[in-house]
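Have a look at the structure below before the remarks.
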Amino acid sequence: MIVDTFTVSLYTALVIVVSAALFLIDTIRRRDAAAGQLWSLGFLAAVLTTMFYLVWAWQPDTSWAVAAGNASFVVATGGMWLGCRAFNGKPVVLAGAFVAVTSTLVGAATVWEWDALGDWAGAVWMFVSLAVLATMAAVECFTGELRRGRVARPLGIVYSIQAVYYAARTVVFLVAGVDSDLFQVWFSTAMTSVFTVSLTITAVVCTSVLQATRSRMRGGPGAAPVAAMFVVRPQEVFLGDLRELCRRAEAGEELVAVAAVHVGDLDAIVEAFGTDVADELWEALRAGVLDGAGTLAIVGETGARSIGAAWVAASPAGARRQAMSLYRSLFAELDAVSGGVLPGIGVGVALSDLSGYRATELLALAHEAAARAASGETTAVVLAD
């Protein structure tokens, strides 16, 4: 059965629009960070791509629709790559500029070549761009934070397949031409649409699971009311609250204690037991710090894989006792979910009477002390010098 180009484009658009809508709803519900937002950009660009190609399938002479569709296709794959970079904690500004410039060049090349190549104007530029961006996205999936998540592996495979497909499509296009049997059987618009639908569904499932995993580690939708006392604050909020605590304590000449929790060997645990165990450990870590830090302590993230707490202490001895209570709470929570698979845990405490009232300096000293505590060379709780 022969299916016309418009019908193929319509089916492809339907799948991509539904997939993108589901992911966008999930992202909005979770109020996710940069990775989810950039993935959403990729899916939105994919929706635009299908819309532009539908216009082209309906009116084949609309060169602007092909140019815009080709450029949007590059943004779609580029957005997925940027989301992976953001998930791995890498900067995305220059990478985003690269995607923007590349998509603009692809669109311009399509317009420039339209009179000579017609529907296939800008094809080589687009194929090469997609192959390069998909390759870089695949690399991100097998490195950094994504490497630790099993669900990122099929996502990396998706991008790897996309990279190989478009590299092969480029070669066949240049060598054999669009009228060849090889191109029509394996790399035609209809075959590419089926291929795109399959990869889109897989990408939506993988990114949604990754988003849910990251959200659980950071407290999920329930982390929204950061102004409440008894929550783990995001890093920026925690640092702002700590600065305010230090300012008020300095004015009243009170003692500020800042504790940082260092968890060693977590990467090895993830490699050995998977991300599910890592998620449970992080949930237990958050609960342990909240329970053990004291009623009026502020608790928050101090990095990608660290949590801290701060409070006003009556004395250095009192600060150490509270830190020991925090350590015991951590130990109990982690032991309950890990089945005896415990990473090295250390709690470091920095005090304002020795280090002053600068929030960033207190945190840095607390982290140094926590690393020494987790190394096993000293006690489980270490006061910064």
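A few notes on this one:
- Residue check, residue 42 touching a helix residue (DSSP H, G or I) at 6+ places or on another chain (Cβ under 6 Å), open to solvent by less than 20 Å² (accessible area, probe 1.4 Å), closer than 30 Å to residue 303 by Cβ and not hydrophobic (A, V, I, L, M, F, W, C): yes
- Residues satisfying the stated conditions in the stretch 144-173, i.e. of a type in the set (A, V, I, L, M, F, W, C) and under 25 Å from the mean Cα position of the chain (by Cα): 146, 151, 152, 155, 157, 158, 161, 163, 164
- Number of residues in the stretch 167-192 that are free of Cβ contacts under 8 Å to residues at least 40 places away in the same chain, open to solvent by less than 30 Å² (accessible area, probe 1.4 Å), touching a helix residue (DSSP H, G or I) at 6+ places or on another chain (Cβ under 6 Å) and in a helix (DSSP H, G or I) equals 2.
- Cβ-Cβ under 6 Å pairs, at least 6 apart or on other chains, the stretch 287-302 side closer than 21 Å to residue 365 by Cα, far side part of a loop (DSSP other than H, G, I, E, B) and open to solvent by less than 30 Å² (accessible area, probe 1.4 Å): 299/293
- Test: residue in the stretch 145-162 that is open to solvent by 50 Å² or more (accessible area, probe 1.4 Å), among the polar types (S, T, N, Q), without any contact (Cβ under 8 Å) to a residue 60 or more places away in the chain and assigned to a helix (DSSP H, G or I): no
- Considering the conditions (1) under 23 Å from residue 74 (Cα atoms); (2) modelled with pLDDT under 90; (3) under 19 Å from the mean Cα position of the chain (by Cα); (4) among the aliphatic types (A, V, I, L, M), residue 197 is excluded by exactly one of them, (3).
- Elements of type helices (runs of 4 or more DSSP H) contained in the stretch 251-367, each with 1 or more residues being at pLDDT below 90, buried (at least 16 other Cβ atoms within 10 Å of the Cβ) and hydroxyl-bearing (Ser, Thr, Tyr): 275-292, 316-338, 352-355
- Among all residues of the stretch 116-134, there is at least one that is small (Gly, Ala, Ser), in a loop (DSSP other than H, G, I, E, B) and open to solvent by less than 30 Å² (accessible area, probe 1.4 Å).
- Pair list, Cβ < 9 Å and 6+ apart or interchain, from the stretch 128-143 residues that are in contact (Cβ under 8 Å) with a residue 60 or more places away in the chain to residues that are part of a helix (DSSP H, G or I) and of a type in the set (Val, Ile, Thr): 137/77; 137/158
- Scanning the stretch 68-94 for residues that are surrounded by fewer than 17 Cβ atoms within 10 Å (Cβ to Cβ) and assigned to a helix (DSSP H, G or I) yields 93, 94.
- Residues being open to solvent by 20 Å² or more (accessible area, probe 1.4 Å), at pLDDT below 80 and on the phi > 0 side of the Ramachandran plot are represented in the stretch 214-222 by at least one member.
The values are calculated or read from the model by the stated rules, or taken from the named source; none is laboratory data. Remember, predicted model here, so these are calculated numbers, not experimental data. Methodologically, a virtual Cβ is constructed for each residue, glycine included, from the backbone with ideal geometry; neighbour enumeration extends over all protein chains shown. When the accessible area is computed, the model is the full protein with side chains, heavy atoms only, and any ligands, DNA or RNA have been set aside. Shrake-Rupley method; radii C 1.70, N 1.55, O 1.52, S 1.80 Å.
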